[in-house]
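Right, one structure below, let's go through it.
Derivation of every value follows stated rules applied to the coordinates shown; laboratory data play no part. Every value quoted in this text rests on a predicted model; they were computed, and no experiment measured them. Cβ coordinates were reconstructed from backbone atoms using ideal geometry, including for glycine residues, and neighbour counts include every protein chain displayed.
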2 protein chains.
Amino acid sequence: MKPKIAFTGVGRMGANMARRLHDLAYPITAVFDIHRPTAEALAAEIHAAAPATLAEVTAAADVHFTVVTDDAAMRAIFAPQGDSLLAGARNKIFVNCATLSPGIHAEVERAARTAGAATLEACMASSIPQARDGTLYLMCGGDRSAFECVEPVLKDLSASLRYVGETGRAAQVKALVNMVMNIHTAALAEGLGLADALGLDLGLVREVFSQTGAASRVLQTDGEDMQKRDHACFFSAAHAAKDSAIALDLAHQSGLQLPLAEATLAQYRRLVELGLGGLDKSAIAELTFLGRSPR
Amino acid sequence: MKPKIAFTGVGRMGANMARRLHDLAYPITAVFDIHRPTAEALAAEIHAAAPATLAEVTAAADVHFTVVTDDAAMRAIFAPQGDSLLAGARNKIFVNCATLSPGIHAEVERAARTAGAATLEACMASSIPQARDGTLYLMCGGDRSAFECVEPVLKDLSASLRYVGETGRAAQVKALVNMVMNIHTAALAEGLGLADALGLDLGLVREVFSQTGAASRVLQTDGEDMQKRDHACFFSAAHAAKDSAIALDLAHQSGLQLPLAEATLAQYRRLVELGLGGLDKSAIAELTFLGRSPR
């Protein structure tokens, strides 16, 4: 029998994961979002409840997915007192999918244990279409027993599912993936920006890049968007800044200096300061093409 | 009938291109290198002459490949006076394969025209095994007639052959490719260096990178080498520094600031300053792994 499932944080990723599980006939009993109309719209679409409190969400389901924005939001929904997912959480399991600092996952795990609940971090290295199609790349950290408990549901959400170690490990790997991805995005923006300044044909340049040492996944996902200035958001510049900052915090704690990651973070922070943080990460090209720059 | 061919500059790339054409029964009549024993060894291997002067090289062949180190070497072999490939060069064609600044290609084209010779830039976006196997990625710039004249030979050297425009254009595209490739290399070194500092399994991390937004061609070519510290040279750190500098010169001339390319150049310059410029570009990982760093 399929477990009852609830989602807390139903932005683009969370909502599409809920839709995917709804398609597969999982009972999605409750959805919650800090922006209530977002939750209500999704609830109507997939026949879920949209409770006013987190305690009601907890009561409504056995397996809880959380896909919130940042560490602060995570601490708020798992608060030890007041309205919280941890109220009446005994024997519930919380699968935490947001890209957060590794430390917060361990913090939430401890709080959940105190409440008699289990947690699993399930970091997603994919984007919105993969959430909708159930083809996420999922990396999990936590107790293996917690992983095995929700493995069938996670398989229905993913094309690739990996258990990478104790709580916090998946977030570390995810931070690394996004740090490198962000650098590649910044690199592509520089390459295409310079190509454009030289009067080269950007279609030709992208084709050459794709067949040489300049090839990358980011070239496939963001190259044409940079050329066409189509920055409809799949993964926001603000998120890119957040994730690069998480990775750099880990680096600094380890005593490492990573100048490329630093330069990339500076570019994404500049986009955010310019009020462009809500655009897709491809918008970094707005900083590297002559005549586009909002400088 | 196959044209007589000579090579000037028979380092690892030039020598392997010569071997490839020798395998296909092209008459390689002369080879030349500033380091004479290198030329003599190759000459013995492929039954070519190793003349003492550039003028003799010119006289020995119809089609000349040049694969020299840098702009200065290029100016030296195409000097207007003294011993030079341009002595007696009427009706010869020079196919210039080194990664040079775009400006030098135009300069050599003008000098060759004065001498009654034709030139073609044929930039290679590949490495040593591809030179040996005749599977280079070649981008050509110059007069289309010069391109068509040597097209059959170039096809025998390449898996992909492209005419990209007037003289200098191919060098521009090549500089862009290498600029982006170098950034990717620096990015990978940072990602794996941080993964190592965190105690993560680098095999796992590389596998995750390969399936996510962190995927790149450089990950395939350099990832394992960085992990194993195998920096046997395919493309040297010194060359990486040179090529990033060429791209940044173009950027500065265009009024563009490219912070990632700058940070990458600084890393490669540091390797060169540390006396590690002769190692493969993967050696940049020596700067980003704890306990390796020669700082």
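Can you grab the distance from the C-alpha centre of region A:1-47 to the C-alpha centre of region B:216-276, Å, no decimals?
Result: 46 Å between the Cα centres.
Show which aspartates and glutamates lie in cross-link reach of B:K242 when reach means a straight Cα distance below 14 angstrom and same-chain residues fewer than eight apart are skipped.
Leaving aside aspartates and glutamates fewer than 8 places away in the same chain, those within reach of B:K242 are B:D70, B:D71, B:E262, B:E273, B:D280.
State, to one decimal in nm and shortest first, how far the label point of A:H252 sits from each corresponding label point in the other identical copies (label point: 7 angstrom along Cα-to-Cβ).
When each copy's label point is compared with this one, the spacings are 3.1 nm.
Among the trypsin sites (Lys or Arg not before Pro) in region B:184-241, which ones are in a DSSP loop with at most 15 other Cβ atoms within 10 Å of the Cβ? Mind listing them?
B:R229
In a shell of Cβ-Cβ distance under 10 Å around A:L42, excluding A:L42 itself, what net charge do Lys and Arg (+1) and Asp and Glu (-1) give?
It works out to a net charge of -2.
So, counting K/R as plus one and D/E as minus one, what does the shell of residues with Cβ under 11 Å around A:V108 add up to?
-1
Taking the label point 7 Å from Cα in the Cβ direction, how far apart in nm is A:P152 from each other copy of itself, listed shortest first?
Going from nearest to farthest copy, the values are 6.9 nm.
Could you state the angle between the C-alpha long axis of helix B:237-253 and the longest principal axis of the C-alpha atoms of chain B, as a value from 0 to 90 degrees rounded to the nearest 10?
Approximately 80 degrees, to the nearest 10.
For region A:80-180, which trypsin sites (Lys or Arg not before Pro) pass both filters: DSSP loop (anything but H, G, I, E, B) and at most 12 other C-beta atoms within 10 Å?
A:R90
Note the angle between two axes, namely the Cα long axis of helix B:36-46 and the longest principal axis of the Cα atoms of chain B, as a number of degrees from 0 to 90, rounded to the nearest 10.
In chain B, helix B:36-46 runs at an angle near 80 degrees to the longest axis.
How charged is the neighbourhood of A:A76? Take every other residue with its Cβ under 13 Å from the Cβ of A:A76, and add Lys/Arg as +1 and Asp/Glu as -1.
Value of the local net charge: -4.
Inter-copy label distances at B:A232, 7 Å along the Cα→beta-carbon direction, one decimal in nm, shortest first?
Ordered by increasing distance: 4.9 nm.
May I ask you to list the lysines whose Cα is less than 17 Å away from that of B:K155, ignoring any residue fewer than eight positions away on the same chain?
B:K2, B:K4
Which percent, to the nearest 5, of DSSP beta bridges fully inside chain A are antiparallel?
Restricted to chain A, the bridges split so that about 20 percent are antiparallel.
Near the amide H of B:A49, under 5 Å away, which other amide H atoms are found, from residues 5 or more places off or on another chain, if H is placed in the peptide plane?
Amide H to amide H, under 5 Å and 5 or more residues apart or across chains, B:A49 pairs with B:A30, B:V31.
Can you give the angle from 0 to 90° between the axis of helix A:144-157 and the longest principal axis of chain A, with both taken from C-alpha atoms, to the nearest 10?
Roughly 60 degrees between the two axes.
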